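**Q** One structure coming up, written as structure tokens, with questions to follow.
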Amino acid sequence: MAGNDAVSSARGFRVQRRESKDCSVVECFGRLTSENVPLLKDAMREACGRKGRIVLDLKEVPMMDSSGLGALVTLHVSARTRGCTLEVVNASKQILQLFSMTNVLSLFEATGRCGGRLM
């Protein structure tokens, strides 16, 4: 892995970015709520500038509110506009239900962790 950046927040949310050969992996730790969205957006902007493929790992995100959901949709559109792909992996059951209820599951359904799946 070619890099490892960590950004943290006083509210217990943390974002860690690392580079692999074919993608930037952005890992989130903690609840993705309105107060933490700017931290995620900053990390994603930087990742999009480095690689064409970004993997957003939500394994350590127990819950997401509507602001977090809105941020993911915005990041997905922004990445596509910049010629990048955004893949969301390891989403919790709560997050998958949120994706499903809001009809955004199809945006992230075919994505995976360097070859894996969203589920």
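**Q** List the lysines whose Cα lies under 25 Å from the Cα of Lys21, skipping any in the same chain that are fewer than 8 positions away.
**A** Counting by Cα, and skipping residues close in sequence, Lys21 has these lysines nearby: Lys41, Lys51, Lys59.
**Q** How long is the gain from Asp42 to Ser67 if the chain were fully straight, where each residue apart is worth 0.36 nm and the alpha carbon distance is subtracted?
**A** Details: separation 25, 0.36 × 25 = 9.00 nm, distance 1.51 nm.
Net length gain for the segment: 7.5 nm.
**Q** Testing the spin-label approximation: label points 7 Å from Cα along Cα→Cβ at Thr81 and Glu60. State their distance in nm.
**A** Spacing of the two 7 Å Cα→Cβ label points: 3.0 nm.
None of the figures in this text is laboratory data; all of them are computed from the coordinates on show. For clarity, every value in this text was computed on a predicted model and none was experimentally measured. Here the Cβ is made from the backbone with ideal geometry for all residues, glycine too, and neighbour counts use every protein chain on show.
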